[in-house]
Each structure stands twice: as structure tokens, then as C-alpha cells.
1. Looking at (1) over 20 Å from VAL155 (Cα atoms); (2) modelled with pLDDT of 95 or more, which is the one condition that is false for HIS122?
2. State yes or no: is THR88 among the polar types (S, T, N, Q) and not in a strand (DSSP E or B)?
3. Please work out which residue is modelled with the lowest pLDDT, limiting yourself to region 47-74 and to residues that are closer than 23 Å to ASN130 by Cα and either surrounded by fewer than 15 Cβ atoms within 10 Å (Cβ to Cβ) or among the aromatic types (Phe, Trp, Tyr) (or both).
4. Out of all the residues in region 73-85, is one or more in the same structural domain as LEU142 (by TED's automatic domain parsing), assigned to a strand (DSSP E or B), in contact (Cβ under 8 Å) with a residue 40 or more places away in the chain and not β-branched (Val, Ile, Thr)?
5. For region 75-90, give me the residue count where each residue is crowded, with 21+ Cβ neighbours inside 10 Å and among the hydroxyl-bearing types (Ser, Thr, Tyr).
Amino acid sequence: MTRPNVRSSSRRALLAGACAACVASLTGCARYGTSNGLAAPAAGYGGAPSSPAGASSAGTSGPAVLASTADIPVGGGKVLTDQKIVITQPQAGSFHAFTAICTHQGCLVNAVSGGTINCPCHGSRYSIVNGSVVGGPAPLPLAAVSIKVQGTSIVQA
């Protein structure tokens, strides 16, 4: 005599256990910057700013210089890897800054070309104007970083 109910119950238990294990392992694959423990840097993250070539911050108490306006090409930008910031100049005299950390899996973006900020890991691309996603798999835009231009210097605001 067979016991179909016992066999069905053990299959269900096995499936339930497998599903629970799968869900537990997928929580580590959540996108960067969400509540998965990989908090994205807050807007304004500056790390340890460095001065552009020739600039000196000795004896000054103002904000550290991130870059010179001459370092940021019109229609392009520059990635500041130490500060994890990317600064762009979509139009002459219009400067924007964003976190340089891709919202897909936390890779550092590495290039600004063709009107986009580009991530080398999985091909995500962001607008140099507002940091919005123009090519996935990134799920969210890059967070804005407050900057201001003081003469020919770009500083964190």
C-alpha cells in the first residue's frame, strides 16, 4: 500500500526549502544604493579631495578644489576616482557633478564620452546633463553632488 500524502508532503517541504534558499541567496543581488547594506554615498560625498595641478590649498580654509574649469571639456567630463565624483560640462560654462558609483552594482564609472557617463562593468550609461539612465542595466540615476565654480576652480558646495 502506497502513502501518496506522505510523498506529496515531503516534495512540498523540499520545494519550500529550495525556494527559501533561493530567496535568501538573491537578497545579495539587490541593486546598489537600496536597502541591501550597500548604501550609496550621500550627495556631496567628497572623500579626500585633491587639488588640480598647480593649485595650492595651503593656508586656505575654504572648500577643497575638485578640479579646474579648464580640466572639464565642453560636452564631456572628468571622473575623479579618489573622490568618487564625476564632473561634467554639457554646455560651455554649465558644470554638473554626480557620484561616480554606478547604481547597478556599485562599480566606479570610468569615462565620459558621447554625451554619457559610462560604467565599464555592465555597460550602464548616464546623461551628462542630469545623471539619468540612458542605457541599462542601471536601475537608478547617479546622485547629484553639489558643486560651485569659484573663478576657475570647481569646489564642493
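1. So the condition that HIS122 fails would be (2).
2. no
3. Start the filter on region 47-74 by keeping residues that are closer than 23 Å to ASN130 by Cα, which leaves 47, 49, 65-74.
With the extra rule that they be either surrounded by fewer than 15 Cβ atoms within 10 Å (Cβ to Cβ) or among the aromatic types (Phe, Trp, Tyr) (or both), the set shrinks to 47, 70, 73-74.
Values: GLY47: 36, ALA70: 96, PRO73: 96, VAL74: 96.
Across region 47-74, the extreme among qualifying residues is GLY47.
4. Scanning region 73-85 turns up at least one residue that is in the same structural domain as LEU142 (by TED's automatic domain parsing), assigned to a strand (DSSP E or B), in contact (Cβ under 8 Å) with a residue 40 or more places away in the chain and not β-branched (Val, Ile, Thr).
5. Within region 75-90, residues that are crowded, with 21+ Cβ neighbours inside 10 Å and among the hydroxyl-bearing types (Ser, Thr, Tyr) number 1.
The values are calculated or read from the model by the stated rules, or taken from the named source; none is laboratory data. This is a predicted model, so every value here is computed, not measured. As a convention, Cβ positions derive from the backbone with ideal geometry for all residues, glycine included, and neighbour counts pool all protein chains shown.
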